[in-house]
Amino acid sequence: MNVDRITEKLNILADAAKYDVSCASSGSNRKNKDKGLGNASNGICHSYTEDGRCVSLLKILLTNHCIFDCAYCVSRKNNDIKRAAFTVQEVVDLTINFYRRNYIEGLFLSSGIFKNADYTMERLVHVAKKLRTEHNFNGYIHLKSIPGASAELMQEAGLYADRLSVNLEMPTEAGLKLLAPDKNRQDMIDPMHFLNQEIIRNTEEKKLFKNAPMFAPAGQSTQVIVGATPESDQQVLQSANYFYKNFNLKRVYYSGYVPVLADKRLPALNTAVPLVRENRLYQADWLMRFYGFHVNEIVNNQNPLLDLDIDPKLSWAIRNMQAFPIDINKADLQLILRVPGIGLLSAQKILAARKFAGLGWEQLKKIGVAINRARYFITCKSNEFERRDLTGQNIKQFIMAQSQSKYIKNTQTQLNLF
Ligand code: SF4
């Protein structure tokens, strides 16, 4: 093996893969078997780069050669960059070597499209197959599916990968047509549909036959690029909601567009999407999946954009002051979950604790409720209620001012340490 050449390829192909954020590895419970290598389990640890991107896995492209010319992509065929391609065996060897040295916990493998979708997908599947069957590798494998790849290859991929994902790329079909004219939305939807059916079928099969082979046990996910096209947060989240509902996705990843290429169809090079927008989208996504919010409650025609100053739950609450205050000692779980400053865990603790005695501010604080937020929206056993004549806007100002002064205090404390 020519180490210098492999290192050079690694530099090129790991760098090209950094724009894909859909690499969290949770959700699989593949166990180490037959004295094999690795053990992918829930909570496998992730690490993040300075700009917040996950790098816990060996995250590479098989190649950055590509026959397509997607405007937003650094690997597009008309971009003048250094190109490289790993062989199947090189990716297998790298994964095993890095795993043995404890550098990684698994593999995230994507690729530019060379020749055609099936030719590329076949090679991705081959990597996973070799790792599982020749090296008895039980670590986590996430394969990016190539849009337009055949059902047979998707089926085979599901036997070896923990997670499969098909990138939607743009939140809407119109955005995709504009920036990726070679791509077709249906080529993304068909494999997602196929995977969904197979995952459901496999779950049923596993109930009947314990030893039935696993099929993509960590499910499927997708990624949308935000800010390369002018879609609002409403369009982004409605699209995510549609795919969660219809394709049983484990996760939608929101990737703020990083301007690396000049193209008149794209935003100017100096207009990167603020990280806080990505953050707000993830918070909104969380509200839809775990807090019982309907997408239209978070973003709608009156509020098509998420408020970047405050989180989406607080934003919803101050627009719906008529729903408050709620009595924390009587309200049901769904209502409690709508209170800013109360998370899932705290809500459950409140339900358990109030069975024994009415709760006041002190107990709520001990439970983990962020009183500085929640106090504007709840009543409890304590007598000191917040003024109820505050408008939503007043509350927003107070909370923002408080966070600001907390931030200044923390910064001063940190500075004093030096
Ligand atoms: S198909 Fe994928 S790798 Fe190729 S240009 Fe488009 S986004 Fe980039």
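The values are calculated or read from the model by the stated rules, or taken from the named source; none is laboratory data. Just so it is clear, the structure is predicted and the values come from calculations on it, not from any experiment. Cβ placement follows ideal geometry from the backbone for every residue including glycine, while neighbour counts extend to all protein chains displayed.
Observations on the structure shown:
- Scanning the range 116-137 for residues that are buried (at least 24 other Cβ atoms within 10 Å of the Cβ) and in contact with a Gly (Cβ under 7 Å, 6 or more places away or on another chain) yields a total of 1.
- Residue check, THR133 farther than 21 Å from ASN2 by Cα, β-branched (Val, Ile, Thr) and within 13 Å of the ligand (Cβ to nearest atom): no
- Among the residues listed as GLY256, GLY219, the single one being at pLDDT below 95 and at positive phi: GLY219
- From the options ILE113, ILE67, residue that is part of a loop (DSSP other than H, G, I, E, B), surrounded by fewer than 16 Cβ atoms within 10 Å (Cβ to Cβ), within 9 Å of the ligand (Cβ to nearest atom) and not basic (Lys, Arg): ILE67
Here's the yes/no breakdown for (1) surrounded by fewer than 19 Cβ atoms within 10 Å (Cβ to Cβ); (2) touching a residue at least 40 places away in the same chain (Cβ under 8 Å); (3) in the same structural domain as ILE350 (by TED's automatic domain parsing); (4) more than 20 Å from the chain's Cα centre (by Cα):
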{"residue": "VAL276", "(1), (2), (3), (4)": "yes, no, no, no"}
{"residue": "ASN279", "(1), (2), (3), (4)": "yes, no, no, no"}
{"residue": "ALA284", "(1), (2), (3), (4)": "no, yes, no, no"}
{"residue": "LEU306", "(1), (2), (3), (4)": "no, yes, no, no"}
{"residue": "ASP327", "(1), (2), (3), (4)": "yes, yes, yes, yes"}
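- Single residue of the range 70-107 satisfying the filter (among the polar types (S, T, N, Q), closer than 26 Å to LEU168 by Cα and touching a residue at least 12 places away in the same chain (Cβ under 8 Å)) that is surrounded by the most Cβ atoms within 10 Å (Cβ to Cβ): SER75
- Some residue of the range 260-273 being polar (S, T, N, Q) and closer than 28 Å to MET154 by Cα: no
- Residue in the range 156-165 that is more than 18 Å from TYR244 (Cβ to Cβ), more than 16 Å from the ligand (Cβ to nearest atom), touching a helix residue (DSSP H, G or I) at 6+ places or on another chain (Cβ under 8 Å) and of a type in the set (Ser, Thr, Tyr) present: yes
- Checklist (1) free of Cβ contacts under 8 Å to residues at least 40 places away in the same chain; (2) under 23 Å from the mean Cα position of the chain (by Cα) applied to ARG132, failing item: (2)
- Among the candidates ARG100, ARG76, ARG83, the residue that is of a type in the set (Lys, Arg), at pLDDT 60 or above and more than 16 Å from the ligand (Cβ to nearest atom) is uniquely ARG100.
- Residue identified as touching an Asp or Glu at 6+ places or on another chain (Cβ under 6 Å), assigned by TED's automatic domain parsing to the domain that holds ALA17 and aromatic (Phe, Trp, Tyr) among TYR244, TYR254: TYR254
- Subset of the range 173-225 [within 15 Å of the ligand (Cβ to nearest atom), aliphatic (A, V, I, L, M) and not in a helix (DSSP H, G or I)]: ALA180, VAL224, ILE225
Okay, residues lined up against (1) assigned to a helix (DSSP H, G or I); (2) in contact with a Ser or Thr (Cβ under 9 Å, 6 or more places away or on another chain):
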{"site": "VAL276", "(1), (2)": "yes, no"}
{"site": "ASP285", "(1), (2)": "yes, no"}
{"site": "ARG289", "(1), (2)": "yes, no"}
{"site": "PHE293", "(1), (2)": "no, no"}
{"site": "LEU308", "(1), (2)": "no, no"}
{"site": "TRP316", "(1), (2)": "yes, no"}
{"site": "ASN329", "(1), (2)": "no, yes"}
{"site": "ILE350", "(1), (2)": "yes, no"}
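- Output for the range 137-157, where each listed residue is touching a Leu at 6+ places or on another chain (Cβ under 6 Å) and not aromatic (Phe, Trp, Tyr): ILE141, LEU143, SER145, ALA157
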